[in-house]
Amino acid sequence: MNEKKVKLNQSVIKTFAIIESFTSARQEMSLVELAQKAELPKSTALRFLYTLMTLGYISQNPETQYYSLSNKFENISANLVSAESLIQFTQSTLYHLSSALSEATCLSVQAGNQLEYINSIDSQERILSITQKIGKKAPLYCTGAGKLFLSAFSDKELDEYLKTIELHSLTKNTITKKQKLLEELQQIKKQQYAVDNEECELGVFCIAIPIFNSANQIIAAISISIPTIRINEAKIKTVVNLAKQEVAALSFKTK
């Protein structure tokens with residue numbers, strides 16, 4: 001695309017003129033003040049304010065009729081955490097879990113309709129090496145961490161996702177039926193962890209725990225990768241309990 005030939009959208013410019021008129025998240029302003037600051041006619045400013053209110057970005061005080069920015073901006077800002085910050089923030093937790101469990105650990109984030117691995121620690125025994133995963137992507141529907149993100153989708157978002165992708169079989173254990181996936185996502189919501197039972201890679205069982213931000217949104221996931229030869233109910237319970245304890249401390253610090 002030749003950017004020089006693309007015209008600026010005036011409606012977008014006017015919208016941000018109104019938003020940038022507020023100097024703080026708590027400031028309240030009248031329609032007249034906003035119109036003057038944004039250099040817009042009152043009728044135009046009102047039209048854009050109504051649209052922003054409908055979308056949830058602007059609030060109106062029912063007593064004074066003054067306008068202010070809603071907490072939706074804070075929620076968006078809270079979710080904008082850089083990969084570098086996440087890596088630094090979780091590095092000691094990844095090491096501690098890997099050392100305590102003698103298993104490989106991973107840190108991943110959602111990247112559109114995929115999962116992206118941004119950090120990993122190999123197990124001390126080196127039975128399962130996963131450092132090569134850093135920077136690689138995988139489907140959401142067949143990874144423990146990916147299913148965590150899907151479990152947080154709204155019904156509309158989940159419907160759009162399932163219309164966009166096809167549930168391809170990566171292994172004999174990959175979930176390829178929509179209803180079965182939806183049922184598992186409901187279970188994940190209740191138990192607050194997800195598993196990948198050789199659904200993405202044969203011989204590997206993964207347990208994933210979510211990391212939340214201050215808006216209670218999942219911003220990343222820590223997963224523990226275990227060779228299936230070492231998997232049993234006792235092992236799963238031990239991993240889940242320890243991982244939840246470790247990640248709960250991280251979630252608490254982000255609030």
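Computed from the coordinates by the stated procedures, all read-outs in this text should not be read as laboratory data. All figures in this text were calculated on a predicted structure; none of them were measured in a lab. Glycine also receives a Cβ, built like all others from the backbone with ideal geometry; neighbour counts cover every protein chain displayed.
Among the residues of region 205-247, write down those that are small (G, A, S) and more than 23 Å from S82 (Cβ to Cβ). Give the steps one after another, and end with the answer.
At the first step, the residues of region 205-247 found to be small (G, A, S) are 208, 214-215, 220-221, 223, 225, 234, 243.
Result: S225, A234, A243.
Please give the number of the condition Q179 fails out of (1) crowded, with 18+ Cβ neighbours inside 10 Å; (2) polar (S, T, N, Q); (3) over 28 Å from Q91 (Cβ atoms).
(1)
What single numbered condition from (1) surrounded by fewer than 19 Cβ atoms within 10 Å (Cβ to Cβ); (2) in contact with a Phe, Trp or Tyr (Cβ under 6 Å, 6 or more places away or on another chain); (3) hydrophobic (A, V, I, L, M, F, W, C) fails to hold for C106?
Unmet for C106, out of (1) surrounded by fewer than 19 Cβ atoms within 10 Å (Cβ to Cβ); (2) in contact with a Phe, Trp or Tyr (Cβ under 6 Å, 6 or more places away or on another chain); (3) hydrophobic (A, V, I, L, M, F, W, C): (1).
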